[in-house]
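Read the figures in this text as sums done on the coordinates, not as results from a lab. Nothing here was measured: the structure is a model prediction, and the numbers come from that model. Heads up, the Cβs are rebuilt from the backbone with ideal geometry, glycines too, and the neighbour counts pull from every protein chain shown.
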Amino acid sequence: GRLARYVARKYEKPLVYTYHTLIAEYTHYAGIFSSVARAYLKNMSKRYCNSCDQIITPSKSMKKILLGYGVKKPISVVMTGIEPQAYKRVSESASKQLKEKYNIPEDDKVLLYLSRIAKEKNLDFLFKAFVKIKKAYPKCHLLMVGGGPDEKWCKERIKELKIQKSVTLTGMLPKEDANRAFGMADLFTFPSYTETQGIVVAEAMASGTPPVAVGKMGPTDLIHDGKDGFLTKLEIKDFADKTLKLLKDDELREKFAKEGLSRVEEFSTETSVRELIKIYEKAIGEKQEELEAAALREAS
């Protein structure tokens, strides 16, 4: 970042910074120094952003956080786009094969979690909610796709909760296989509350898989609550209840899936690129005006 700033200043070009990762939310990895690290990262973020000409965030929630840090420079919201054509429902036979591969009973509904296997994703919340879901709706299975530092802990926690027969961890999968998982799932369950955008939510919707997500941060920009998915409170009961509502109502689930698919172009790379070009062109124009104004002042 400092190198980019140096080059921009040296050649008098606008500096546009895309703030994608809420790094202050990862300070639990710093152990006993986490509170110090959090304060430092917030201050560093503020200072760097305020040295730029334009900031881009992937969600309105992220913009709000940066404003809270004290960022004064213009902030535009542009989601990281997806390629809609890469996502689709899998055929019945393909779904059957995938269920066999992952040891999921053929007539079970599949709840999918696809993201990093890490503490900041709020996975214990998901496991506790799934215990309630499984009790009320026995014919369901939780498929967890992804790798991360807490895979071992997840396996131990699943055993403690006695749900190991109903939960499958696949580890990291190639993108093509991960996309098939989106296309065979009945619901996408996302417990994280620190997502800057939750792009996996958009990928699930593009696959015709309705999401249930905690109503904080990025997912709130993507999901129209009660229309194409559910946003829940950060409460296990509410998350479980909303998931069960969709599991038990095939008609509602289908309605949500169709509504999500109708919005896919909003999430496309093409849409994002068009927005980025507008922002870059504006930043270039404003920088040029600034330089011309400075030159006139100097001449006078």
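With N as its number of residues, region 46-174 has a Cα radius of gyration that, divided by 2.2 N^0.38 Å, comes to 1.41.
The label point for M172 and the one for Y137, both projected 7 Å from the Cα toward the Cβ, are 3.2 nm apart.
Extent along the principal axes, Cα only, for the chain: 80, 46, 32 Å, with the longest axis given first.
Summarised as an ellipsoid, region 239-300 has semi-axes of 52, 13, 6 Å, derived from the eigenvalues of the Cα gyration tensor scaled by 5 and square-rooted, with the largest first. Per residue, the convex hull spanned by the Cα atoms of region 163-223 measures out at 102 cubic angstrom.
Per-residue extension of 0.36 nm, minus the Cα-Cα distance of S35 and N103, leaves a gain of 20.2 nm for this segment. Site pair K88 and V7 shows an inter-label distance of 4.0 nm when each label is modelled 7 Å from Cα along Cα→Cβ. Each listed q (0.10, 0.13, 0.18, 0.20 Å⁻¹) maps to a log10 I(q)/I(0) for region 89-248, found by the Debye formula over equal Cα scatterers with no solvent: -0.30, -0.53, -1.11, -1.43.
Scanning the chain for GluC sites (Glu not before Pro) that sit in a DSSP loop and have at most 11 other Cβ atoms within 10 Å, the longest stretch containing none of them is 107-300. Each Cα pair under 8 Å and six or more residues apart adds its sequence gap; the mean of these over the residue count of region 26-136 is a relative contact order of 17 percent. The number of Lys pairs in region 211-298 with C-alpha atoms less than 18 Å apart, excluding pairs fewer than 8 positions apart on the same chain, is 18.
Please list, by residue number, every one of the trypsin sites (Lys or Arg not before Pro) in region 153-213 that is coil in DSSP and has at most 16 other beta-carbon atoms within 10 Å. For trypsin sites (Lys or Arg not before Pro) across region 153-213 that sit outside H, G, I, E and B with at most 16 neighbouring Cβ atoms in 10 Å, the list reads K162.
Between E286 and K64, the simple label model (points 7 Å from Cα in the Cβ direction) yields a spacing of 2.3 nm. Angle of helix 269-299 to the longest C-alpha principal axis of the chain, folded into 0 to 90 degrees and rounded to 10: 20°. If R0 is 51 Å, the Cβ-Cβ spacing of S262 and E298 corresponds to a FRET efficiency of close to 0.40. Could you calculate the contour length gain from K46 to E270, that is, 0.36 nm times the residue separation minus the distance between their Cα atoms, to one decimal place in nm? Extra length available between K46 and E270 comes to 77.6 nm.
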